[in-house]
Amino acid sequence: MTSLKTTALALAVSGLPLAAQAELKALDDSAMGGITGQAGVTIELETQVNIDEFRYIDEGTLAVSDIFVGGAGRDDMFSELGFAIPNEATDLIDNIRINIDVLEDGDAAIDVFPLFGSPIDFAVRTGAWELRGHTDSTLLMDNLSIEGLFTELKIRVDTETDHMNIRTRFAIDDMDVDVPFMAVGIRDLELTGADYDDNPNIVTLGAIAEMDVYKAPNAAGVDSLAVDINTFDADMNIGGVLVGGTSIGSIALDDLSIQQTQMRIYGH
């Protein structure tokens with residue numbers, strides 16, 4: 001395909017002097033459809049993001065420090081499956097293929113899948129989450145660490161409804177966080193698909209989430225950001241809940257299902 005496009009470009013350039021002397025004719029829509037963009041675009045990606053501090057500033061400030069988004073750097077997630085995930089453990093989000101297509105009806109289709117067979121591993125870590133006023137501050141969260149996998153992300157933008165539909169399948173192998181102002185901590189949280197506990201395999205591993213994002217009026221009739229969670233199905237297990245630094249036990253949620261949830265987000 002690359003060779004063909006290069007050849008076509010060379011012929012076009014060589015014919016410019018002739019075109020300057022000839023009658024130019026506009027191509028109709030059907031002709032344009034035969035020569036443009038039919039195969040779409042594929043992007044192979046690897047990346048890592050580090051942010052010293054993120055601030056949301058209103059009258060006061062919410063600040064999040066030491067943000068890291070990258071690979072998990074380990075290959076022993078969900079060891080009960082019996083094979084290493086990912087194939088190569090690094091601190092980069094990699095093994096990503098992004099396919100972008102604009103369909104015949106104008107809809108945009110963006111698909112994110114593993115480049116190779118192994119699921120895409122990721123890690124999100126932060127330091128302190130602080131509320132800061134002019135004189136006082138509160139430490140909301142600290143030591144957040146999330147390590148997991150995702151196997152697909154599908155985004156569709158529908159030109160008829162002006163909705164963006166997002167569907168993803170992901171799993172969390174381990175999540176830890178401290179909530180100092182409540183003296184609470186979470187250890188070893190695991191999130192999987194709703195059927196994974198009964199039948200652990202790569203197909204049932206991921207929790208499924210599907211939502212629509214669009215513009216809609218709020219209760220006062222003002223246009224707002226609308227987020228509808230159509231489906232969220234998962235199993236959740238928390239290895240330890242700490243209160244005052246001491247574990248009070250574990251928690252399990254079997255077949256957690258969240259549906260028909262609507263949010264309207266706007267300023268005030």
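The values are calculated or read from the model by the stated rules, or taken from the named source; none is laboratory data. In this text the structure is predicted, and so the values were computed from the model without any measurement. Neighbour counts are summed over all protein chains in view; Cβ atoms, including those assigned to glycine, are modelled from backbone coordinates with ideal geometry. Remember, those area values only see protein heavy atoms, side chains included, never the ligands or the DNA or RNA. Shrake-Rupley method; radii C 1.70, N 1.55, O 1.52, S 1.80 Å.
A few notes on this one:
- Filter result for the condition that a residue is at pLDDT 90 or above, open to solvent by 70 Å² or more (accessible area, probe 1.4 Å), among the polar types (S, T, N, Q) and closer than 18 Å to Phe113 by Cα, over Thr42, Thr47: Thr42
- Some residue of the range 64-79 being aliphatic (A, V, I, L, M) and free of Cβ contacts under 8 Å to residues at least 12 places away in the same chain: no
- Leu153 falls short on exactly one of the conditions (1) in contact with a Leu (Cβ under 7 Å, 6 or more places away or on another chain); (2) under 21 Å from Arg97 (Cα atoms); (3) not charged (D, E, K, R), and that condition is (1).
- Answer from Ala123, Ala108, Ala171 - the residue that is over 30 Å from Asp76 (Cβ atoms), aliphatic (A, V, I, L, M) and touching a strand residue (DSSP E or B) at 6+ places or on another chain (Cβ under 6 Å): Ala108
- In the range 166-184, the residues that are more than 14 Å from Leu140 (Cα to Cα) and basic (Lys, Arg) form Cβ pairs under 9 Å with partners that are open to solvent by less than 30 Å² (accessible area, probe 1.4 Å) and not in a strand (DSSP E or B), at six or more places apart or across chains, as follows: Arg169/Gly193; Arg169/Leu205; Arg169/Gly206.
- Residues of the range 184-225 that turn out to be more than 19 Å from Lys154 (Cβ to Cβ) and among the β-branched types (Val, Ile, Thr), as a count: 4
- Verdict on Asp142 being closer than 28 Å to Arg55 by Cβ, open to solvent by 20 Å² or more (accessible area, probe 1.4 Å), touching a strand residue (DSSP E or B) at 6+ places or on another chain (Cβ under 9 Å) and not in a strand (DSSP E or B): no
- Any hit, the range 113-123, residues being open to solvent by less than 30 Å² (accessible area, probe 1.4 Å), touching a residue at least 60 places away in the same chain (Cβ under 8 Å) and either within 30 Å of Gly245 (Cβ to Cβ) or of a type outside the set (D, E, K, R) (or both): yes
- Extreme residue, surrounded by the most Cβ atoms within 10 Å (Cβ to Cβ), among residues of the range 194-234 that are in a strand (DSSP E or B) and over 19 Å from the mean Cα position of the chain (by Cα): Ser224
- Cβ-Cβ contacts under 6 Å between residues 6 or more apart (or on different chains), taken from a first residue in the range 196-208 that is within 21 Å of Gln259 (Cβ to Cβ) to a second residue that is open to solvent by 40 Å² or more (accessible area, probe 1.4 Å) and part of a loop (DSSP other than H, G, I, E, B), are listed as Thr204/Asp195.
- Top-ranked residue of the range 93-134 - restricted to ones that are of a type in the set (Asp, Glu) and assigned to a strand (DSSP E or B), ranked as nearest to Val49 (Cα to Cα): Asp94
- Among the residues of this structure, Leu131 does not count as one that is surrounded by fewer than 16 Cβ atoms within 10 Å (Cβ to Cβ), over 30 Å from Tyr196 (Cβ atoms), in contact with a Phe, Trp or Tyr (Cβ under 8 Å, 6 or more places away or on another chain) and among the aliphatic types (A, V, I, L, M).
- Scope the range 77-92; condition modelled with pLDDT of 90 or more and either within 27 Å of Ile51 (Cα to Cα) or surrounded by fewer than 17 Cβ atoms within 10 Å (Cβ to Cβ) (or both); matching residues: Met77, Asp91, Leu92
- The condition of being crowded, with 16+ Cβ neighbours inside 10 Å, touching a residue at least 12 places away in the same chain (Cβ under 8 Å) and of a type in the set (S, T, N, Q) holds for only one of Thr151, Thr161, that being Thr151.
- Leu62 outside any strand (DSSP E or B) and either at pLDDT 90 or above or surrounded by fewer than 14 Cβ atoms within 10 Å (Cβ to Cβ) (or both): no
- Within the range 235-255, the set of residues being more than 12 Å from Ile186 (Cβ to Cβ), in a strand (DSSP E or B) and open to solvent by 60 Å² or more (accessible area, probe 1.4 Å) comprises Thr246, Ala252, Leu253, Asp254, Asp255.
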